[in-house]
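This report concerns only the one structure given below.
The values are calculated or read from the model by the stated rules, or taken from the named source; none is laboratory data. If you're wondering where the values come from, they're calculated on a predicted model, not measured in any experiment. Positions of Cβ are backbone-derived with ideal geometry, glycine not excepted, and every protein chain shown enters the neighbour counts.
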Amino acid sequence: MASDSDRNERMEKIVSLCKRRGFIFQSAEMYGGMNGCWDYGPLGTELKRNLKDYWWKKTVTEREDIVGMDGSILTHQDVLKASGHVGGFSDPMSDCLLSRARLRADQVPEQSGVAVWYSGAKHEATDWSVNTEFAVLVPEGKDPDSAKKTARQFYGERMPDKKISPKELELIEEKREELESTTRFNPANGSLLTEPREFNLMFQTSVGASSDEGSVAYLRPETAQSIFVQFKNILETSRQKLPFGIAQIGKAFRNEINPRNFTFRSREFEQMETEFFCRGEDGLRLTDEWLEKRLNFYGEIGIPREKLHVLDVPDGERAHYSSKTYDIEYDFPFGIQELEGVAYRTDYDLKKHGEASGKPIEYFDEQTKEKLIPHVVEPSAGCDRTVLALICEAFDEETITNEKGKEETRTVMRFDPKMAPVKCGIFPLLKNKPELVNKAREVKELLLPFMNVFYDEAGAVGRRYRRQDEIGTPFCVTIDFDTLGEDGSDLEGTVTVRERDSMKQERVPIAELSTYLLQRIV
RNA sequence: GCGGGUAUAGCUUAAUGGUAAAGCCCUAGCCUUCCAAGCUAGUUAUGCGAGUUCGAUUCUCGCUACCCGCUCCA
């Protein structure tokens, strides 16, 4: 197991490579950056597109029972009121100043007693003082002087010299007041709490020129809601029967308190979600089936099964709507973190939207002649998180010994060829030989319609190989003098194909080149 | 949100209260017959804003961003 500092160093190298080679940049970097937002550069965009295209192909194109949609990001406030996103999940929180525990402000019990307020504390011997307001609530019947111990503890933590006992501190008492039914103090230790803060994690905006109550809209916090809200329309127009799914790839927004770990927790992110509707009795079984399908998917894009972890989210930690949730987690350099949640959301969402809109969402089963509210299983994958996992998984530094016996480091992004941003590098062996250059350009034109290629003629060919290694290009093609048939070579019309991981070379006729490569990159 | 740390060129690192240095990378040219060769030339930096000072990249303060640990994550 790598140490923490190794893993940190690895992550720093990955972030650095992402910037150096144009995978991912910080948003608004030239203005000092924007917390929690990231931009994809040319290669990052190709990589992300390959992932989304493959997901769509596997989820929608190759299945008869799943259809796609693309919903608006701006979301009607009533949709999110019905789903519970407005109101329900923005609990005011208070922090304990002493223990730093975070409490839900509406769950702090009412207390009575004497509040002892302090404006600060000082330590004469070391000429140290602090002017921070603090207070302790002493319950009725106890000596108000007992507040001193708690206050000394609070101010003691702020002293630079930890060897001095907080008992030597002189407290600056401000006032004492009798309070009844207050909720501003931590019942566990009497310490003052911070003012309650709203944690509304949705971005709110207003639609239309005049902003009044009715104009409030939100940037969607998940793509799922637009699927639920369009369920009836899609059911009627797509001629699907239960069980069937609706899939969507799109942006979602959460005002995360604390963005962290490169692109992992961003305020703006893309989801790849399927809502798979079914009869209630099939929900749990399908949840297990989807888990397996999704694990296979990650294997197909180059994330090995042993780096994935399945968390069966226990009761009490699941979202309010879910009666079963699996988290698929990946072993990132910064820890094991969630890539995708496979959640059985029951009939919660369709029921809520039916109630709130006054238009019940029902499905008529023609065989059993019954009306029912479909249940739903939701495999919801984080697109940006999966891109990050692909990058972390691909990153490798290989120590190789060159011909002069010198050790050097080869940086290789070992992307699965399906995911690689560039599929093939194309090089003339030498730049100053027009025959080679012309032939190489011909080969480029030949491959261009089939795949993303990169033509490079600068410098020594070895350097060009290494450059492609660093962006994960699986194949490089070099046009040399044998290709031209000089000296009567029987290799005329063939090129060298060099493979990224093994660095092995193979001679392939130009006529077979596109077939050769296409077989290896899909 | 709390605490700690960091901020000099695309990257990695120097130096300084008084002209900011180097290597790698990148660009152009020469050369080069398969794994970061060589030569020549060139572009690019003290995160932002105040203060102290004759003068601040350097000292002080604030802000922003990033990293680490907590916290949070419908």
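So which of A:GLY36, A:GLY32, A:GLY22 ends up being at positive phi, touching a Ser or Thr at 6+ places or on another chain (Cβ under 8 Å), within 13 Å of RNA strand B (Cβ to nearest atom) and not polar (S, T, N, Q)?
A:GLY36
In this structure, A:LYS359 does not qualify as more than 14 Å from RNA strand B (Cβ to nearest atom), of a type in the set (D, E, K, R) and surrounded by 19 or more Cβ atoms within 10 Å (Cβ to Cβ).
On the stretch given as region A:378-390, residues that are out of contact with any Asp or Glu (no Cβ under 8 Å at 6 or more places or on another chain) and in a strand (DSSP E or B) total 0. Filtering region A:94-106 for residues that are in contact with a helix residue (DSSP H, G or I) (Cβ under 6 Å, 6 or more places away or on another chain), surrounded by 14 or more Cβ atoms within 10 Å (Cβ to Cβ), at pLDDT 75 or above and not in a strand (DSSP E or B) leaves a non-empty set. Restricted to region A:462-513, and to residues there that are assigned to a strand (DSSP E or B) and polar (S, T, N, Q), the residue that is farthest from RNA strand B (Cβ to nearest atom) is A:THR494.
On inspection, A:GLU408 passes the criterion of being within 8 Å of RNA strand B (Cβ to nearest atom), out of contact with any helix residue (DSSP H, G or I) (no Cβ under 9 Å at 6 or more places or on another chain) and of a type in the set (Asp, Glu).
Checked against (1) away from RNA strand B (no atom under 13 Å from the Cβ); (2) modelled with pLDDT of 80 or more; (3) closer than 30 Å to A:TYR155 by Cα, A:LEU193 passes all but a single condition, namely (1).
Residues in region A:253-262 that are among the polar types (S, T, N, Q) and more than 6 Å from RNA strand B (Cβ to nearest atom): A:ASN255 alone.
Free of Cβ contacts under 8 Å to residues at least 40 places away in the same chain, out of contact with any Asp or Glu (no Cβ under 9 Å at 6 or more places or on another chain), more than 11 Å from RNA strand B (Cβ to nearest atom) and more than 30 Å from A:ARG520 (Cβ to Cβ): is that true of A:GLU370 in this structure? Spelling it out, A:GLU370 is indeed free of Cβ contacts under 8 Å to residues at least 40 places away in the same chain, out of contact with any Asp or Glu (no Cβ under 9 Å at 6 or more places or on another chain), more than 11 Å from RNA strand B (Cβ to nearest atom) and more than 30 Å from A:ARG520 (Cβ to Cβ).
Counting only strands (runs of 3 or more DSSP E) that sit completely within region A:110-151, those holding 1 or more residues that are modelled with pLDDT of 75 or more correspond to A:111-123, A:134-139.
Residue check: A:GLU398 meets all listed conditions (1) closer than 21 Å to A:LEU17 by Cα; (2) surrounded by 14 or more Cβ atoms within 10 Å (Cβ to Cβ); (3) more than 9 Å from RNA strand B (Cβ to nearest atom) but one, namely (2). Here is a check on your reading of the model: is A:ARG265 touching a residue at least 24 places away in the same chain (Cβ under 8 Å), in contact with a Pro (Cβ under 7 Å, 6 or more places away or on another chain) and within 12 Å of RNA strand B (Cβ to nearest atom)? Here the answer is yes, as A:ARG265 does meet what is asked. Any chance region A:272-292 includes a residue that's within 16 Å of RNA strand B (Cβ to nearest atom) and either acidic (Asp, Glu) or in contact with a helix residue (DSSP H, G or I) (Cβ under 9 Å, 6 or more places away or on another chain) (or both)? Within region A:272-292, one or more residues are within 16 Å of RNA strand B (Cβ to nearest atom) and either acidic (Asp, Glu) or in contact with a helix residue (DSSP H, G or I) (Cβ under 9 Å, 6 or more places away or on another chain) (or both).
Yes/no matrix, rows are residues, columns are (1) of a type in the set (A, V, I, L, M, F, W, C); (2) at pLDDT 95 or above; (3) more than 17 Å from the chain's Cα centre (by Cα):
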residue	(1), (2), (3)
A:GLU275	no, yes, yes
A:GLU281	no, no, yes
A:GLU289	no, yes, yes
A:LYS307	no, no, no
A:VAL313	yes, no, yes
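Taken together, the residues in region A:435-461 that are outside any helix (DSSP H, G or I) and polar (S, T, N, Q) amount to 1.
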